[in-house]
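A short worksheet on the structure shown next.
The values are calculated or read from the model by the stated rules, or taken from the named source; none is laboratory data. Quick caveat: nothing in here was measured; it's all calculated off a predicted structure. Here the Cβ is made from the backbone with ideal geometry for all residues, glycine too, and neighbour counts use every protein chain on show.
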């Protein structure tokens with residue numbers, strides 16, 4: 001059943017990926033009534049064994065109604081000639097993200113940001129597009145995990161090279177993006193959402 005579902009969704013995504021109009025960090029329109037937008041980013045990649053050429057990486061995020069709403073991702077490469085290639089999908093490959101409900105690419109196309117949620121807890125992940133294409137897998141070791149637990153977080157988008165988001169947790173107090181919050185910090189800041197930024201090049205946080 002899952003293989004059949006993947007085939008159907010990839011077919012739709014492949015068609016949508018060839019629609020014109022998506023620039024770096026922008027989205028391309030998907031068929032009306034299916035999805036509001038289909039996030040795509042322009043990249044350079046060696047499709048079907050040729051030299052690297054301009055193409056687009058497009059991502060479909062969907063909920064699996066057969067698995068209690070577990071979310072999956074499907075990643076497609078498409079060039080201007082109409083050739084398409086499946087980079088990977090979490091339906092068949094655990095190396096690709098599950099539980100993501102939003103994705104935004106940076107304006108320069110170097111990074112992507114995923115908004116994820118599992119068991120009622122939200123978090124953000126920032127990954128390198130070049131690393132994803134080089135390894136043909138989503139490498140969690142290279143992804144930056146912006147975890148507000150036990151608080152909340154909301155992805156706003158990119159402002160230049162910085163990812164902006166809101167959270168009730170004081171991200172600007174973290175010494176690094178691997179540090180974590182404690183319950184005392186949550187109790188002091190619960191419900192007090194503020195705007196922050198994260199710079200994936202320096203791996204530093206700040207207040208907006």
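Anything in the range 111-124 that is out of contact with any strand residue (DSSP E or B) (no Cβ under 7 Å at 6 or more places or on another chain) and either under 21 Å from residue 135 (Cβ atoms) or modelled with pLDDT of 90 or more (or both)? List them, or say none.
121, the sole residue that qualifies.
Which ones in the range 184-208 are over 17 Å from residue 123 (Cβ atoms) and in a helix (DSSP H, G or I)?
The answer is 184, 187, 188.
Can we say residue 112 is part of a loop (DSSP other than H, G, I, E, B), in contact with a helix residue (DSSP H, G or I) (Cβ under 9 Å, 6 or more places away or on another chain) and surrounded by 13 or more Cβ atoms within 10 Å (Cβ to Cβ)?
When the stated conditions are applied, residue 112 does not pass them.
Among the residues of the range 170-179, is there at least one that is modelled with pLDDT of 95 or more, out of contact with any strand residue (DSSP E or B) (no Cβ under 9 Å at 6 or more places or on another chain) and outside any helix (DSSP H, G or I)?
No; the residues of the range 170-179 include none that is modelled with pLDDT of 95 or more, out of contact with any strand residue (DSSP E or B) (no Cβ under 9 Å at 6 or more places or on another chain) and outside any helix (DSSP H, G or I).
Tally the residues that are at pLDDT below 90 and out of contact with any helix residue (DSSP H, G or I) (no Cβ under 9 Å at 6 or more places or on another chain), restricting the search to the range 56-70.
Total satisfying the criteria: 5.
May I ask you to say which residue of 102, 98 is in a strand (DSSP E or B) and out of contact with any helix residue (DSSP H, G or I) (no Cβ under 9 Å at 6 or more places or on another chain)?
That would be 102, the only listed residue that is in a strand (DSSP E or B) and out of contact with any helix residue (DSSP H, G or I) (no Cβ under 9 Å at 6 or more places or on another chain).
Checking residue 99 against (1) at pLDDT below 95; (2) within 12 Å of the chain's Cα centre (by Cα); (3) on the phi > 0 side of the Ramachandran plot; (4) surrounded by fewer than 20 Cβ atoms within 10 Å (Cβ to Cβ): exactly one of these is not met. Which one?
If we test residue 99 against (1) at pLDDT below 95; (2) within 12 Å of the chain's Cα centre (by Cα); (3) on the phi > 0 side of the Ramachandran plot; (4) surrounded by fewer than 20 Cβ atoms within 10 Å (Cβ to Cβ), just (4) comes out false.
Results for (1) over 22 Å from residue 99 (Cβ atoms); (2) surrounded by fewer than 18 Cβ atoms within 10 Å (Cβ to Cβ); (3) touching a helix residue (DSSP H, G or I) at 6+ places or on another chain (Cβ under 7 Å), shown as yes or no for each residue.
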site: 145; (1), (2), (3): no, yes, no
site: 149; (1), (2), (3): no, yes, no
site: 152; (1), (2), (3): no, no, no
site: 162; (1), (2), (3): yes, no, no
site: 168; (1), (2), (3): no, no, yes
site: 180; (1), (2), (3): no, yes, no
site: 192; (1), (2), (3): yes, yes, no
site: 195; (1), (2), (3): yes, yes, no
site: 207; (1), (2), (3): yes, yes, yes
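State whether one or more residues within the range 78-88 are crowded, with 19+ Cβ neighbours inside 10 Å and under 30 Å from residue 168 (Cα atoms).
Checked against the condition, which is being crowded, with 19+ Cβ neighbours inside 10 Å and under 30 Å from residue 168 (Cα atoms), the range 78-88 yields no hits at all.
Please verify whether the range 132-141 includes one or more residues that are assigned to a strand (DSSP E or B) and under 30 Å from residue 77 (Cα atoms).
Within the range 132-141, not a single residue is assigned to a strand (DSSP E or B) and under 30 Å from residue 77 (Cα atoms).
Please count how many residues of the range 163-199 are more than 23 Å from residue 118 (Cα to Cα) and touching a residue at least 40 places away in the same chain (Cβ under 8 Å).
0
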